[in-house]
Each structure stands twice: as structure tokens, then as C-alpha cells.
Amino acid sequence: MNLSTAQPMPDSLLAQARAGDRNAFATLVRAHQGSVFSIGLRMLSRRDAAEDLAQDVFLQLYRKLDSIESLEHLGFWLRRVAANLAIDWLRRLPYSATRPLDEGAEVAAQETEQDPLMSRELVRLLGELPPHPRAVMLLRYQEDRDVAEIAAMLDMPVNTVKSHIKRSLTALRGQMIGAKLVVEDSP
Amino acid sequence: MNARIGFVIAALMLSGPAWAAAKGQLQIPEFAALAEKANESVTVTLDANLLGMAARFLSNEDPEQAKAKKLVSSLTGIYVRNYSFDSDYAYPKADIEGVRRQLNAPGWSRIVGVVSKKEHSNVEVFILADGNKAQGLAIIASEPREFTIVNIVGNIDLEQLHDLEGNFGVPDLDIETPQKPAAKPPAAARPSAAEKTK
Amino acid sequence: MNENPTNHFEEELRRRLRPVEAPEGFTDRLMAALPAQQKPVVVPFTPRVARPFSAARQFGMPAALAASLMVAVLLGVQVSKDRAHDEEVARVEEQKGIAASRELMQALRVTSQKLDLAYEAVNSPPAAGDEENRS
């Protein structure tokens with residue numbers, strides 16, 4: 001489900017889910033499963049691990065529905081839990097267990113791929129970032145969250161978030177230019 | 001004066017004050033009032049005991065934490081004060097000067113000092129050298145809306161510091177060790193994304 | 001981060017990092033894994049009058065044996081309390097250690113940021129009016 005074109009959900013959906021309406025809960029899941037799964041996929045670089053992570057996140061949500069205050073809070077909560085859980089899992093897994101994505105493993109939500117090689121290389125390079133900068137970059141550029149939100153989600157200072165973004169952009173862009181996938185613009 | 005009291009005082013003076021800091025450790029204020037004014041602050045005070053405790057909970061499998069574990073194994077203290085403000089120079093420079101004056105003491109050397117009038121920032125890096133090792137590292141960074149004091153105490157192996165550079169985004173400052181020639185990395189050999197980004 | 005080439009790159013990142021679809025059937029599998037909703041079971045409560053040593057008398061147990069059993073139970077309770085206390089202490093220590101490790105990583109990150117600031121200032125070409133000195 002493409003979140004950007006999704007119909008806005010009624011606020012009552014959350015209340016219905018809290019009251020035990022499973023259909024309402026399933027609707028909430030479908031609205032956010034793409035984002036949560038994608039965070040897992042790009043953090044852990046494995047589809048099976050990403051699905052396990054997404055399942056864990058939504059099972060936690062089911063248990064903690066009463067603590068979700070609004071649909072906006074729900075979005076914040078899901079991304080926070082997904083990112084932090086992925087960071088925890090990465091810490092426990094040996095690095096060899098997180099292999100780069102297979103070619104073609106990612107299916108873009110929208111078929112606008114004019115340069116799939118660049119996308120694959122970008123995702124591969126993203127997967128080489130250490131866990132925290134990787135999570136910051138995903139929350140920023142995949143989930144379009146602002147710096148303050150990311151800082152709150154990952155429990156880190158705002159300046160640290162900014163620093164992660166700045167260095168990661170510099171490194172990724174440099175690597176892409178080096179691989180001749182991005183043209184270096186003249187100043 | 002009671003002779004016995006005088007003797008005790010003299011003995012105390014000879015043995016040094018009870019609050020004497022470890023070699024390489026600076027007296028850094030808590031800056032409690034500044035923390036109230038700051039919109040963001042980081043205050044870390046880890047003595048040897050807490051460092052040991054912290055190291056036990058670092059993962060050997062996370063490269064970042066593994067390097068941190070190795071570095072702190074020979075340290076006896078890490079002290080950080082970092083404050084960000086909403087307006088320029090909301091912090092009193094006198095407090096920073098008080099810390100900087102301690103770095104005039106024998107043994108401390110300033111290895112980096114950069115003043116940028118354009119950015120209005122000032123960054124200084126000091127080490128308390130002892131042969132190939134440093135007993136202390138201090139960083140004082142003042143920017144219009146942020147100031148930072150870092151003090152690391154203990155046997156800081158400069159080679160390990162080189163190793164740390166490139167991780168956490170720490171750059172290679174080309175810190176020269178007295179006995180070895182400077183090892184400048186070739187310009188083309190930039191750190192990989194995994195090492196540089198942090 | 002306000003330079004144009006970086007802005008273009010950021011836009012590329014946003015475009016190429018759009019969320020992907022979850023695997024087919026994900027929601028169905030999740031819903032199947034949810035705990036079944038259960039109605040609370042109401043158990044009628046019948047208060048019992050407690051009579052000391054009634055079990056011993058009922059089964060013809062000698063009083064001394066009953067007393068020994070009682071002591072053993074009480075000791076077991078005490079051991080259990082001590083264990084609970086030790087576990088609580090260990091839990092508090094673990095929390096302290098985890099908090100200290102987080103502070104340590106934060107301290108090292110701040111240190112690296114400031115060293116990076118020095119690095120950038122040292123390695124950037126000096127602008128007009130800048131001073132640069134390296135001891």
C-alpha cells in the first residue's frame with residue numbers, strides 16, 4: 001500500500017481497534033506495514049528477518065494499543081519501535097548474518113525505476129552504514145521524518161542526528177560519484 | 001595553634017589535597033545553571049568504576065561498540081559537558097577559561113588549535129603526553145550556540161586513537177607520536193562509508 | 001547541507017528509498033498470530049476458615065514432623081526472598097551498567113563530532129579573515 005496515496009484514516013479507527021475490533025486493527029496494520037517492513041528490510045538486509053521484525057512490532061502494538069494516543073502517535077510509535085528493534089537485532093547478530101540484499105529482492109512500491117542499478121547500489125551502501133546512522137538515514141529519507149522526531153525516536157541528541165545525516169550524505173554521495181552512478185555537480 | 005592540629009594540616013598538605021584529581025583529569029564544573037538554560041545538553045561523568053561497568057554491557061559483535069570497549073579498557077575516566085542554546089553566546093566564556101587555564105599546566109600540549117572567524121568557532125585539542133602514550137586528552141570547542149568540553153583520562157594509546165579515527169566519524173588528525181615519523185594516509189585512501197559515517 | 005548538489009542527492013535518496021510492499025499475506029499471517037480474545041472466566045470465591053496444623057491432624061502426621069515441615073517451608077520462603085532480593089540487586093546493577101554504556105557511547109560520539117569539527121576546520125581552505133594555527 002502506497003502511503004502517499006492512501007486515504008486518510010478516520011480517527012475512530014484507533015478507538016475501534018482498542019475496543020477489540022480486529023478488522024480495525026488489520027486496517028491499521030495494512031496502512032503501516034510497508035513502512036515497518038521496509039525499515040526492517042533496509043536495516044537487516046534480509047526479507048525473512050524483516051518480516052519477523054515487522055510481526056514483532058505489530059504484535060507489540062496489539063498489546064500496547066491502550067497507550068497509543070492518536071493516529072499520529074501511532075505512526076511515531078511504530079517507526080520508533082521498528083528502528084530501535086532493528087538496531088538491537090543488528091547488535092546481537094554477527095555481521096556475517098546480515099548479507100546484502102539479493103538482486104531484485106526489493107520490490108519498489110511504485111514502478112518508477114529508471115535506474116535500478118543505482119537503487120541497488122544505494123541500498124547496498126546504506127546497508128554498510130553502522131546501525132545508528134543507517135536508522136537515521138532511513139527515518140529521514142524513507143520515512144520523511146524531521147530531525148527532532150528522529151532524535152526522539154532514537155533517543156539521541158538532535159546534533160547527533162544532524163551529524164549522522166551530514167556524514168552519511170557525504171559518504172554515500174562520494175561513493176556513488178566514485179562508482180560513477182552520480183555525476184559530480186560543479187559548484 | 002594546637003601543635004597536633006598543625007601537624008595534621010602539614011601532613012595533609014604534603015600528601016596532597018584529598019580531592020586531587022588523577023593525572024590528566026581536569027576540574028570541570030557541573031554547569032548546572034547552564035544545563036537549565038540549554039535547549040539540549042549532554043553531561044557524562046564516568047569514572048573508572050562506571051567505565052568498567054559500562055564496558056561489560058558493550059557488545060563485541062557491534063564493530064562500533066567493540067572498538068569502544070577496546071579503547072576504554074585502559075581509561076580511568078571520561079567526562080563530557082556539551083550544551084546547545086537557542087541564542088548566540090548564552091554561555092559565560094569565563095567558565096571555559098577556567099578549564100583552559102588548567103591546560104597551561106606542565107605536560108599538556110596543544111596539538112590542534114583552530115579559530116574560524118567566519119564560523120566564530122574555536123576548537124582546541126590538547127594531550128598530556130607521556131612518551132608514546134597520552135595520560136589525558138582534552139577538547140574545548142566553542143561555537144556561537146554550543147560549547148563542549150571533553151576530558152579523557154588514562155592510558156590513551158595514540159595508536160588506538162588512530163584506530164578510533166575513522167570510526168564514530170572520527171577523522172585522522174595525523175597525531176604525530178614522538179618516536180615515529182608521521183604516517184599520512186594517501187589522499188585517495190578515504191575511509192569507507194561504514195567507517196566514516198557515524 | 002544546503003548546497004544544491006546535496007539537495008539533488010537528497011531528493012534522489014527520497015525517491016529511491018520509498019517504502020516497499022510487505023510480503024503478500026503479511027497481515028493475514030499477523031492476524032492469525034494474534035492472541036485469541038478470551039472472555040474473563042468468573043470463578044466463584046468460597047472463603048475457607050484457616051485452621052492451623054489441620055492438615056497434620058487430618059493425615060495423622062506427628063506434630064514434630066509437621067513442625068519440621070513448617071520450618072522447612074518458612075526457610076524456603078526466606079531463601080526465596082533472599083533470591084528475590086539478589087535478583088533485584090542484579091537487575092538494578094544491570095540497569096546502571098546499561099545506562100553507563102549508553103552514556104559512554106554518547107560521550108565517544110560527542111568526542112568524535114568535535115574532533116571532526118577540528119578536522120574540517122583544519123582541512124578546509126581558509127576563508128578571508130580566518131586564522132588557523134596548528135601547534
- Task: Enter the buried accessible area of the A/B pair, total of both sides, probe 1.4 Å, in Å² rounded to the nearest 100.
- Result: 1500
- Task: Can you figure out the FRET efficiency of B:ASP88 with A:GLU72, using R₀ = 25 Å and their beta-carbon distance, to the nearest 0.05?
- Result: 0.15
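In square nanometres and to one decimal, what's the mean projected area of the convex hull around the Cα atoms of segment B:27-136? All intermediate terms of the calculation are to be shown ahead of the outcome.
On the way: hull surface 36.3 nm².
Result: 9.1 nm².
Using a 10 Å cut-off around each Cβ of peptide C:92-101, what is the average number of partner chain Cβ atoms that fall inside? Walk me through the numbers on the way to the answer.
Working: counts 0, 2, 3, 1, 4, 8, 4, 4, 12, 14.
Across the residues of C:92-101, the mean count of other-chain Cβ atoms within 10 Å is 5.
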- In the structure displayed, which of A:LYS166/B:LYS67; B:LYS70/C:LYS96; A:LYS180/B:LYS70; B:LYS69/B:LYS93 lie more than 32 Å apart, Cα to Cα? A:LYS180/B:LYS70; B:LYS69/B:LYS93
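Using a 10 Å cut-off on Cβ to Cβ distances, tally the other chain neighbours for every residue of A:162-172 and report the average as a whole number.
Values: counts 2, 10, 5, 3, 5, 9, 6, 6, 7, 10, 5.
Averaged over the peptide's residues, the number is 6.
Go through A:ILE177, B:ILE152 and list them by solvent-accessible area, largest first, probe radius 1.4 Å. Before the final figure, lay out the partial values.
Numbers: A:ILE177 40, B:ILE152 10 Å².
Ranking A:ILE177, B:ILE152 by accessible area, largest first, yields A:ILE177, B:ILE152.
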- Note on the structure: Partner shielding of B:77-86, taken as the mean number of other chain Cβ atoms within 10 Å, equals 3
- Order the following by accessible area, largest value first: B:THR43, C:THR27. Probe radius 1.4 Å; ligands, DNA and RNA are ignored. B:THR43, C:THR27
- Item | Accessible-area ranking of B:PHE147, B:PHE57, largest first, probe 1.4 Å | B:PHE57, B:PHE147
- Item | Heavy-atom accessible surface that C and B bury in contact, both chains counted, 1.4 Å, Å² to 100 | 3400
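The values are calculated or read from the model by the stated rules, or taken from the named source; none is laboratory data. No experiment lies behind these values; they were computed from the predicted model shown. Using ideal geometry, Cβ is built from the backbone for each residue, glycine included, and neighbour counts are taken over all protein chains shown. These area figures cover heavy atoms from the full protein model, side chains too; ligands, DNA and RNA do not enter into them. Shrake-Rupley method; radii C 1.70, N 1.55, O 1.52, S 1.80 Å.
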